[in-house]
1. Can you find a residue that is modelled with pLDDT under 95, open to solvent by 20 Å² or more (accessible area, probe 1.4 Å) and closer than 27 Å to GLY239 by Cβ anywhere in segment 101-121?
2. On the given criteria, is LYS301 open to solvent by 30 Å² or more (accessible area, probe 1.4 Å), on the phi < 0 side of the Ramachandran plot, in contact with a Leu (Cβ under 9 Å, 6 or more places away or on another chain) and touching a residue at least 12 places away in the same chain (Cβ under 8 Å)?
3. Name the strands (runs of 3 or more DSSP E) wholly within segment 343-442 that hold at least 3 residues that are open to solvent by 20 Å² or more (accessible area, probe 1.4 Å) and closer than 24 Å to ALA245 by Cα?
4. Restrict the check to segment 312-325 and report whether at least one residue is within 16 Å of the ligand (Cβ to nearest atom), in contact (Cβ under 8 Å) with a residue 60 or more places away in the chain and outside the structural domain of ALA415 (by TED's automatic domain parsing).
5. Identify all residues within segment 276-286 that are touching a residue at least 12 places away in the same chain (Cβ under 8 Å), open to solvent by 20 Å² or more (accessible area, probe 1.4 Å) and closer than 15 Å to LEU160 by Cα; write none if there are none.
6. Identify all residues within segment 164-211 that are assigned to a helix (DSSP H, G or I) and either closer than 21 Å to PRO82 by Cα or of a type in the set (Ser, Thr, Tyr) (or both); write none if there are none.
7. Within segment 212-279, which strands (runs of 3 or more DSSP E) (wholly inside it) include 1 or more residues that are in the same structural domain as ALA202 (by TED's automatic domain parsing), within 14 Å of the ligand (Cβ to nearest atom) and in contact with a Cys (Cβ under 8 Å, 6 or more places away or on another chain)?
Amino acid sequence: TPISFDTWPWLYWGEVKPQHTALFLEGEAISWQRLVSDISNIPILPKPKSRYVAILSQNDYQTLLVILAAWQQGLKTLLINPAFSPALQKEVLEKAGIEMVIDPRVVFPSSEWPQSNVMPFDTQDILTLVLTSGSTGTPKAVTHNANAHLASASGLFSLLPFSESDCWLLSLPLFHVSGLAIIWRWLQRGAALKIADTKGDALRSALEGVTHASLVPMQLQRLLQGERPASLTSVLLGGAVIPQALVDEAEAKGIGCWCGYGMTEMASTITAKRADGCFSVGRPLPHRELMFSSLGEIMVKGDTLSSGYLIGGMLEPLSDGWFATKDKGEWVEGELRILGRLDNMFICGGENVQPESIERVLSGFEGIEQLFILPVADDKWGQVPVALVMGNVNQGNFLAYAKSLLPPHQVPKAAYSIPKHLLDGGIKISRRALADWLANEK
Ligand code: 4YB
């Protein structure tokens, strides 16, 4: 049974087991007691009337301290990608109505500072904001309270064991819901968190001593190119289509894989299962419910659902009841299969084309590391599919393979190699960036 906290979880663990390790940094272990004391050495942060502040967040200890200090000082935080251009940062903050930005690199901890009051821990109060990664328009700030994050964590633990002696690597950005969820699992369990550089090939050494990691499929793919990290027992996958061949290979190498489907509005994972050779993302975890609309759209609700978006400093509640995800899905033997995004669908000669379903059929072709199907305008058919490919692929053979497996309206009319820079950006590949490249530069 999950612990229900009557104070900030780090203060609870600081009392219950002060000498136990809370964090592993590169070359250093931090106890819960030390963590609590480091948080209290963060100076009193600026407190706008609205209590909303933005924090430029890197995955480092200093940023974590500023976030936890902000929370216990009564602030509500929007973690933002420090790589945002000034223009995008301004646009996002104006939309949400947030005036204050904190850069943790210029917050100097000291035991000399007057200490801020510790606010009561009210799990129903809005505490966090996470930006949506929608493909159109300015990202929106999704609100959550601590109750939603703790419910998210404890529901996951009923499927994926995470014990007090385990260690979860902060393997995804804090400003994305997948990274923030790692913080709440760590706090819920009172286990250890490791913070290290995880970019590119650094991920392998970051995994030393780690039992648990959250990975997007591309990270796992890269990891499988070398030795299996010895301590790693459990990987939670999500964020994008999880290629079955990738999961099978990881499982064969002794890495336990859990396939998840999650989203920002639901405080990360919604459904998940232990990999079992069958392509699906399992069943809804405790504290979440899921159904389909009459159009096959996935609808979700539960304790983990956001209460709304922050717009112009005001809470814009989600419409009552079920939240429409814009994802299409179906049940296969009681488990959820994601069919693709409704907004990725296009029409070719009067037929609906779901790019993700073509990608699933063709991504098994020899040499393919990543494959995207995008529409291009066509005089005769309206739109036709083309393939963007990463990997070492014979294009002629690839298109012949496609013809042999797919109905005509789904067969890519051309295949192009994707430039690498389009793929190393964030944690997800943006179809919009791919479409821009296709339109302008291919
Ligand atoms: C999917 C998908 C899937 C999401 N198949 N499309 O803690 C976790 O659950 C976790 C672990 C590892 C990696 C990521 C996560 C996440 O939280 C991911 C949450 C996320 O991606 N949120 S999002 O708001 O940025 O995007 C949500 C969208 O991503 C969904 O609406 C889907 O379209 C897509 N997606 N999991 C296919 N398994």
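The values are calculated or read from the model by the stated rules, or taken from the named source; none is laboratory data. Remember, it's a predicted structure, so these values are computed and weren't measured experimentally. Heads up, the Cβs are rebuilt from the backbone with ideal geometry, glycines too, and the neighbour counts pull from every protein chain shown. For accessibility, only protein heavy atoms count, side chains too; no ligands or nucleic acids. Shrake-Rupley method; radii C 1.70, N 1.55, O 1.52, S 1.80 Å.
1. Checked against the condition, which is being modelled with pLDDT under 95, open to solvent by 20 Å² or more (accessible area, probe 1.4 Å) and closer than 27 Å to GLY239 by Cβ, segment 101-121 yields no hits at all.
2. Values: open to solvent by 30 Å² or more (accessible area, probe 1.4 Å): yes; on the phi < 0 side of the Ramachandran plot: yes; in contact with a Leu (Cβ under 9 Å, 6 or more places away or on another chain): yes; touching a residue at least 12 places away in the same chain (Cβ under 8 Å): yes.
Answer is yes for this residue.
3. Counting at least 3 such residues, we get 368-378.
4. Yes: segment 312-325 contains one or more residues that are within 16 Å of the ligand (Cβ to nearest atom), in contact (Cβ under 8 Å) with a residue 60 or more places away in the chain and outside the structural domain of ALA415 (by TED's automatic domain parsing).
5. ARG283, PRO284, PRO286
6. Scanning segment 164-211 gives VAL177, SER178, GLY179, LEU180, ALA181, ILE182, ILE183, ALA202, LEU203, SER205.
7. Fully inside segment 212-279 and qualifying: 212-215, 234-237, 268-274.
Residue by residue, here is whether (1) outside the structural domain of LEU127 (by TED's automatic domain parsing); (2) open to solvent by 60 Å² or more (accessible area, probe 1.4 Å); (3) aliphatic (A, V, I, L, M); (4) farther than 28 Å from LEU93 by Cβ holds:
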position: PRO2; (1), (2), (3), (4): yes, yes, no, yes
position: GLY14; (1), (2), (3), (4): no, no, no, yes
position: GLY27; (1), (2), (3), (4): no, yes, no, yes
position: ASN41; (1), (2), (3), (4): no, no, no, no
position: SER50; (1), (2), (3), (4): no, no, no, no
